[in-house]
Amino acid sequence: MNTEQRTAPAARLPRWAGKPVRRLTAGELAEALAYLERHRPEDDVLGRALAGEFARRTAAAEFARRAAAGR
């Protein structure tokens, strides 16, 4: 008889889970924010870090777009 406790298989982590926040793409940041909201809404620190980095990235992209358009 097997007396070892059975555990559920480890959940497969998203591809971005092992990257530092600053190395995530804008798409990965958006995906991470959605994942965090669904699975760990109580993690305010990580949520703020992800949201801050996402805001910086989108603002920088908008600035670059406007500069390229000659505004």
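The values are calculated or read from the model by the stated rules, or taken from the named source; none is laboratory data. All values derive from a computational prediction rather than experimental measurement. Positions of Cβ are backbone-derived with ideal geometry, glycine not excepted, and every protein chain shown enters the neighbour counts. Calculation scope for accessible area: heavy atoms of the full protein, side chains included, ligands and nucleic acids excluded. Shrake-Rupley method; radii C 1.70, N 1.55, O 1.52, S 1.80 Å.
Overview of results
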read-out	value
Packing-based order for 58-69, 39-50, 22-33, using average beta carbon neighbours within 10 Å, highest first	22-33, 39-50, 58-69
Mean accessible surface per residue for segment 19-71, computed with a 1.4 Å probe while every protein chain stays in place, in Å²	75 Å²
Dimensions in Å of segment 18-69 - Rg and Dmax from alpha carbons	12.4, 41
